[in-house]
Amino acid sequence: NVQEQMNDLATDSHLNYKQILMQIYGSSGATDIEKASCNNGDSSCSGSASNGPYASWKQYKGPWVDVPLGSSSETIRTAGCLVTSVAMLIAKSGVQTGISNFNPGIMSRLANQILAKGYQYFDWNVDSNDAGGATTSAQVANNVIKYLGSGSAYIVLQHDIKKFSVDAVETIIQYGLSHGYNFQPLTITSPTAHHRINN
């Protein structure tokens, strides 16, 4: 099925995401990942990849913002940046998006294969909420600081496309250093934060 083909190409080849999507969906009518066809053939969907109707899709704005992610308390609004980005790429490609079958357990299998191949993946255990309710650097800094406590390691979720979130980093670092924390890059041996996988 499609999920297994994508998994095989992602793990056994050096293709990037665009090449994988084109290899899987090229026979379905997609000619380029940048093609703005909106999946339905409607002439109102024509336009360039930067100005098609999907260009305005936002994880924090639209009818999908409160859709839950699994059984967690997270929603598309609070943690759905990847979901939104992939949806935009698929829409740009012109691929028909009807799902003919569901693949139970695919995410668990993928996560296990990542670890089995010697890679590591990281979720987060501190949410700055810069893709949700926070709109200023002070709010982002306060959201991060309030989560710091007796834990031994924290992985903070922030988005560098949000200037106000980037501006909060200095305050967060100053607070952390003055309270005995240190900051390190993520490596294969770093402490991890993994969210519960529901599929």
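The values are calculated or read from the model by the stated rules, or taken from the named source; none is laboratory data. Quantities reported herein were computed from a predicted structural model and do not represent experimental measurements. Neighbour counts are summed over all protein chains in view; Cβ atoms, including those assigned to glycine, are modelled from backbone coordinates with ideal geometry.
Mind telling me which of the residues GLY52, GLY70, GLY94, GLY62 ends up being of a type in the set (Gly, Ala, Ser) and either modelled with pLDDT of 70 or more or closer than 20 Å to THR135 by Cα (or both)? So that I can check it myself, show each step before the final result.
Details: GLY52 fails: either modelled with pLDDT of 70 or more or closer than 20 Å to THR135 by Cα (or both); GLY70 fails: either modelled with pLDDT of 70 or more or closer than 20 Å to THR135 by Cα (or both); GLY94 fails: either modelled with pLDDT of 70 or more or closer than 20 Å to THR135 by Cα (or both).
Selected residue: GLY62, the only one of GLY52, GLY70, GLY94, GLY62 that is of a type in the set (Gly, Ala, Ser) and either modelled with pLDDT of 70 or more or closer than 20 Å to THR135 by Cα (or both).
Do you know which of the residues in the range 36-47 that are touching a helix residue (DSSP H, G or I) at 6+ places or on another chain (Cβ under 9 Å) and part of a loop (DSSP other than H, G, I, E, B) is modelled with the highest pLDDT? Spell out how you get there, then give the answer.
Step one: of the range 36-47, the residues touching a helix residue (DSSP H, G or I) at 6+ places or on another chain (Cβ under 9 Å) are 36-39, 44-45, 47.
Subset that is part of a loop (DSSP other than H, G, I, E, B): 36-39, 47.
Details: ALA36: 38, SER37: 38, CYS38: 39, ASN39: 38, GLY47: 43.
Taking the candidates together, the pick is GLY47.
Do any residues in the range 60-86 that are surrounded by 16 or more Cβ atoms within 10 Å (Cβ to Cβ) have Cβ atoms under 6 Å from those of residues that are modelled with pLDDT of 75 or more and among the acidic types (Asp, Glu), where the two are at least six apart or on different chains, and which pairs are they?
THR75/ASP66
Can you tell me how many residues within the range 164-196 are surrounded by 11 or more Cβ atoms within 10 Å (Cβ to Cβ), under 22 Å from ALA79 (Cα atoms) and without any contact (Cβ under 8 Å) to a residue 60 or more places away in the chain?
Of the residues in the range 164-196, 8 are surrounded by 11 or more Cβ atoms within 10 Å (Cβ to Cβ), under 22 Å from ALA79 (Cα atoms) and without any contact (Cβ under 8 Å) to a residue 60 or more places away in the chain.
In the range 116-139, which residues are closer than 16 Å to THR192 by Cα and under 19 Å from the mean Cα position of the chain (by Cα)? Explain how you work it out, then say what you get.
Within the range 116-139, the first condition is being closer than 16 Å to THR192 by Cα, and the residues that meet it are 116, 118-127.
Matches in the range 116-139: TYR119, GLN120, TYR121, PHE122, ASP123, TRP124, ASN125, VAL126, ASP127.
Just checking, does the range 140-163 include any residue being more than 18 Å from the chain's Cα centre (by Cα) and closer than 21 Å to VAL65 by Cα? Please lay out each step first, then the result.
The initial filter retains those residues of the range 140-163 that are more than 18 Å from the chain's Cα centre (by Cα), namely 140-154, 163.
Now restrict to residues that are closer than 21 Å to VAL65 by Cα: 140, 143.
Yes, the range 140-163 has at least one match.
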